[in-house]
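Written out below as structure tokens is the structure these notes cover.
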Amino acid sequence: MSLSLIAFAVLIAAFAIGSFTRLNAGLIAIVAAFGVGTIVAGLSIKDVIAQFPSGLFFILVGATLLFAIVRINGTIDLLAYWAELLAGNRRFLVPVLMFLLTAALASAGAFTPAAIAIVAPVGLALGSRFGISTLSMGLVIVQGANAGAFSPVNPFGVLANVMLDEAGASGDSLKLYVYCFLFNVVLAVFAYLLIESIMKKRAARSEASGGVSAGPAYGTGVGGTTPAGRGTAVLTVPAPAAVATDGGKVRPEKVAATPIRVLTLVGIGALLVLTTVFALDVGVASLVVALALIACNSGVQKPAVESMPWSAIILVTGIVTYVGMLEEMGALAELQAGIAGLGNSSLAALVTSYVVGIVSAFASTTGTLGVVGPIVTPIAMDPLLTPIGVVTAIAISSSVVDVSPMSTSGALLMASAEPKDERMFFRALLLWAIAMIFVVPLLVWFVFVQLGIG
């Protein structure tokens, strides 16, 4: 067995142990990175430490701290109240509004974690109010971010357009954006309908058994019913209370726009400006805004820090550290060299789609797109294929797994879960990401590469 295969086998083992025991898979991966890196790959301890994703760590800490403050001071309740007024009693508008809002932010250039960090707390709270599961709402929000992620001004789109430029198809950047947007619209609708259907079936079984839930499974609930009585509540976020009106309709109880909440909204707007206009790192910008809010209301500091999902942060950074060690030891390069040697461009496009999906699920999508560029370009230049088709397939395959709990986007969704629900939500997101890895690369390869759409 080669050293690369041993290293990949250890990573799989870390996931298996973390999924079926109480041990944190990230902690296992960090320890394994030192063991495999120094003993098997001959790296120094400093080399392994250098693989720790400090940028990702700051994004997670900054974003989760900021939105812990937003939650504690009631700003999320205010935003959910305003959004609910806009939606009225039209439940179907809730996921649509959240999808479009996230897509708009990403299309404007917001890095997808920034867009998700801004929208997720509001969307999850509002979904809870309408009896929509956190899992389905979370998936819709992530797909919204992915829908706008390949606009020409988004970091994902910039990297993908480099591939198009090098393949001689620079004029297809708008097509890339449109194709990715439409695909994520379809996927968001499918995910929402599927998860909500599962919720209803579980709620029906719960009622049939006397109202006692059979127990949570893969993000399908923690027992009980939602405030609106429409399905099982899944990792719900506190939402505004509601009061009855004439005719039995329900309207939200008014939430006051206090000075600190208005200031918090200004801070969220500043976060968007800092990350999109001034290209400031999402984590750093979040910490700046969080510090400003704490300075104005120091009472939120202690509960905000204590409520941060430290276990999830260790989980994500630990796994990414191990993947970085794999790259440092040459395991990923060995895999990429194998793809380049396949000879058949269509088959190479399919294999590359699977590879970027797998790697991106455990690492940075931006980094993955940057790494595979040299591999994708010669494939896309094959006269039997269309450059836009190849690049679109790679783009979708790399981003569709961002819901993985080891990616920044998935980690931000996990941050919304209560500590007691964290493991369940982790499994649900991981299972969805695995399903995406198996199904989507083949689907987009057939549609965009084999059929040559573009």
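May I ask you to compute the full-extension gain from L265 to V158, defined as 0.36 nm times their residue separation minus their alpha-carbon distance, rounded to one decimal in nm?
Using 0.36 nm per residue and subtracting the Cα-Cα distance, I get 35.6 nm.
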- Message: Could you work out how much longer the chain between D382 and V273 gets when fully extended? Use 0.36 nm per residue separation minus the Cα distance between them, nm to one decimal.
- Response: 35.2 nm
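At 0.36 nm per residue, and after removing the present C-alpha to C-alpha distance, how many nm does the segment from R90 to V186 gain when stretched out fully?
On the way: separation 96, 0.36 × 96 = 34.56 nm, distance 2.06 nm.
Roughly 32.5 nm would be gained on extension.
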- Message: With the crude spin-label approximation of a point 7 Å out along Cα→Cβ, what separation in nm comes out for A295 versus R205?
- Response: 5.3 nm
- Roughly what would the spin-label model give for L451 and K46, points 7 Å off Cα along C-beta, in nm? 5.4 nm
- Query: Between V178 and I434, what FRET efficiency comes out of the Förster formula 1/(1 + (r/R0)^6) with R0 = 30 Å and r the beta carbon distance, rounded to 0.05?
  - Reply: 0.60
- Message: Applying a 10 Å radius around every beta-carbon, put 62-72, 175-185 in order of their mean neighbour count, most first.
- Response: 62-72, 175-185
- Query: Between the range 260-313 and the range 122-164, how many Å separate their Cα centres?
  - Reply: 20 Å
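Take the solvent-accessible surface of the protein heavy atoms, probe 1.4 Å, and return the percent of it on the range 283-415 that carbon and sulfur atoms account for. Walk me through the intermediate numbers first.
Details: 2920 of 4300 Å².
Heavy-atom surface of the range 283-415 belonging to carbon and sulfur, 1.4 Å probe: 68 percent.
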- Going residue by residue through the range 294-310, the Karplus relation 6.51 cos²θ - 1.76 cosθ + 1.60 with θ = phi - 60° gives ³J(HN,Hα) values, rounded to whole Hz and with x marking Gly or Pro, of 5, 4, 7, 8, 5, x, 7, 4, 4, x, 5, 5, 5, 8, 5, x, 4
- To the nearest Å², the heavy-atom accessible area per residue of the range 101-188 with 1.4 Å probe amounts to 24 Å²
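Could you work out what % of the accessible surface of the range 36-192 is carbon and sulfur, using a 1.4 angstrom probe and leaving DNA, RNA and ligands out of the count? Could you put the intermediate results ahead of the total?
Values: 3720 of 5160 Å².
Carbon and sulfur together cover 72 percent of it.
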- Query: Which distance in nm do the two modelled labels at S54 and I12 give, with both placed 7 Å along the Cα-to-Cβ direction?
  - Reply: 3.4 nm
- When the charge dipole of the range 1-121 is computed with +1 on Lys and Arg Cβ and -1 on Asp and Glu Cβ about the Cα centre, the Cα farthest towards its positive end, among I45, F111, L85, belongs to L85
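The values are calculated or read from the model by the stated rules, or taken from the named source; none is laboratory data. Small disclaimer: the values here were computed from a predicted structure and weren't measured. Ideal geometry is used to build each Cβ from the backbone, glycine not excepted, and the neighbour counts take in all protein chains shown. Surface areas here come from the heavy atoms of the whole protein model, side chains and all, with no ligands, DNA or RNA. Shrake-Rupley method; radii C 1.70, N 1.55, O 1.52, S 1.80 Å.
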